[in-house]
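Mind having a look at this structure? Questions to follow.
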């Protein structure tokens with residue numbers, strides 16, 4: 001397969017809505033994606049749809065038209081970007097229990113989510129005295145970049161967030177309330193908006209009333225906020241082969257370790273323990289010689305494929321429970 005001559009369009013999307021029969025939706029959605037030359041992952045659940053897809057501009061438009069025709073999806077939230085190479089090698093349309101896994105039964109983000117805050121209003125909110133800013137992403141994502149002063153729960157996965165809030169977050173809210181004499185505002189954010197939106201519903205179920213979340217997530221903020229006015233520090237990790245993006249959604253400086261699938265900073269790329277396609281300082285000691293040899297051969301095959309201008313499956317980049 002020859003490299004495409006036109007830029008690849010990437011669409012990160014989600015919508016909390018109610019689907020009564022995901023199985024009936026899956027087949028037609030998969031067929032329109034395949035017929036449109038679109039790859040990536042889309043998750044369907046009773047609570048809505050979530051995913052990131054990539055392909056030609058016309059193909060992406062056809063798929064989005066189809067999704068907007070699904071129940072409750074007319075106002076689908078989509079973040080667009082461009083890339084020179086297709087960031088996904090496969091198409092997957094899957095039915096899941098949740099479109100982003102929190103593991104809390106009975107939660108209804110459609111009904112109970114907090115208040116949207118537009119990107120242009122975000123700086124003012126998080127600068128208010130007493131506002132608690134919480135990063136709902138995972139620890140390895142936070143290490144790539146976050147908002148100045150944000151609380152890092154240090155979670156390994158999103159499903160760890162409720163336990164963190166019960167063990168630490170609720171006490172933090174209570175402490176700020178005692179200090180300021182009033183219930184604090186809680187401002188939550190994530191990459192594309194889906195995790196923080198669901199997390200606000202969880203906090204409201206725990207009795208926290210003034211809960212806000214960044215509409216469109218960090219990606220919308222970086223896309224629309226001038227760098228000179230930005231309170232974001234670092235880059236934003238994304239779940240595709242771009243690895244990380246900066247202001248204006250420009251490609252970042254991090255790369256992916258194909259050994260552990262974690263982002264590698266520019267500093268760690270200078271480490272003697274970093275071998276592209278094989279290992280990084282984080283995982284080097286956990287890989288034996290046999291495994292590193294397999295990874296090195298895979299990297300060699302990928303390099304040969306790139307030199308020949310053909311596609312190579314390489315390393316699976318797309319993850320389930322993704323956050324567009």
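Would you check if residue 121 is part of a helix (DSSP H, G or I), more than 30 Å from residue 176 (Cβ to Cβ) and out of contact with any helix residue (DSSP H, G or I) (no Cβ under 6 Å at 6 or more places or on another chain)?
It is false that residue 121 is part of a helix (DSSP H, G or I), more than 30 Å from residue 176 (Cβ to Cβ) and out of contact with any helix residue (DSSP H, G or I) (no Cβ under 6 Å at 6 or more places or on another chain).
From 170, 187, grab the single residue that is within 17 Å of residue 122 (Cβ to Cβ) and modelled with pLDDT of 95 or more.
The unique qualifying residue is 187.
Only one residue in 134, 126 is in contact with a strand residue (DSSP E or B) (Cβ under 8 Å, 6 or more places away or on another chain) and not in a helix (DSSP H, G or I), so which one is that?
Testing whether each residue is in contact with a strand residue (DSSP E or B) (Cβ under 8 Å, 6 or more places away or on another chain) and not in a helix (DSSP H, G or I) leaves just 134.
Scan the range 198-235 for residues that are part of a helix (DSSP H, G or I), over 16 Å from residue 121 (Cβ atoms) and within 15 Å of the chain's Cα centre (by Cα) and jot them down.
Matches in the range 198-235: 198, 199, 219.
Going by what's in this entry, would residue 40 be described as in contact (Cβ under 8 Å) with a residue 24 or more places away in the chain, at positive phi and not in a loop (DSSP other than H, G, I, E, B)?
For residue 40, the condition - in contact (Cβ under 8 Å) with a residue 24 or more places away in the chain, at positive phi and not in a loop (DSSP other than H, G, I, E, B) - is met.
Now a separate question. Being farther than 17 Å from residue 205 by Cα and either in contact with a strand residue (DSSP E or B) (Cβ under 6 Å, 6 or more places away or on another chain) or not in a loop (DSSP other than H, G, I, E, B) (or both) narrows it down to one residue among 179, 155; which is it?
One residue alone meets the criteria, 179.
While we're looking at this one, here's another question. It is to be established whether one or more residues within the range 88-111 are part of a helix (DSSP H, G or I) and farther than 14 Å from residue 14 by Cβ.
Yes, there is a match, as at least one residue in the range 88-111 is part of a helix (DSSP H, G or I) and farther than 14 Å from residue 14 by Cβ.
Looking at the structure I just gave you, is residue 78 surrounded by 16 or more Cβ atoms within 10 Å (Cβ to Cβ) and outside the structural domain of residue 156 (by TED's automatic domain parsing)?
The answer is yes for residue 78.
Checking the structure you have, find out if any residue of the range 20-28 is without any contact (Cβ under 8 Å) to a residue 60 or more places away in the chain, surrounded by 14 or more Cβ atoms within 10 Å (Cβ to Cβ) and at positive phi.
No, the range 20-28 contains no residue that is without any contact (Cβ under 8 Å) to a residue 60 or more places away in the chain, surrounded by 14 or more Cβ atoms within 10 Å (Cβ to Cβ) and at positive phi.
Now, a different point. Confirm whether residue 228 is outside the structural domain of residue 44 (by TED's automatic domain parsing), in contact with a helix residue (DSSP H, G or I) (Cβ under 6 Å, 6 or more places away or on another chain) and at pLDDT 95 or above.
Considered against the rule, which asks whether it is outside the structural domain of residue 44 (by TED's automatic domain parsing), in contact with a helix residue (DSSP H, G or I) (Cβ under 6 Å, 6 or more places away or on another chain) and at pLDDT 95 or above, residue 228 comes out as no.
Would you check if residue 67 is out of contact with any helix residue (DSSP H, G or I) (no Cβ under 8 Å at 6 or more places or on another chain), part of a helix (DSSP H, G or I) and buried (at least 18 other Cβ atoms within 10 Å of the Cβ)?
Criteria not met by residue 67.
Against the definition (in contact with a strand residue (DSSP E or B) (Cβ under 6 Å, 6 or more places away or on another chain), modelled with pLDDT under 95 and over 24 Å from residue 246 (Cβ atoms)), how does residue 93 come out, yes or no?
no
Here is a further query. Working only within the range 277-291, note down all residues that are surrounded by 17 or more Cβ atoms within 10 Å (Cβ to Cβ) and part of a helix (DSSP H, G or I).
284
Something else: Any residue that is within 26 Å of residue 108 (Cα to Cα), surrounded by 22 or more Cβ atoms within 10 Å (Cβ to Cβ) and in contact with a strand residue (DSSP E or B) (Cβ under 8 Å, 6 or more places away or on another chain) - is there at least one of those in the range 246-255?
no
The values are calculated or read from the model by the stated rules, or taken from the named source; none is laboratory data. Not measured: the values here are computed from a predicted model. Cβ coordinates were reconstructed from backbone atoms using ideal geometry, including for glycine residues, and neighbour counts include every protein chain displayed.
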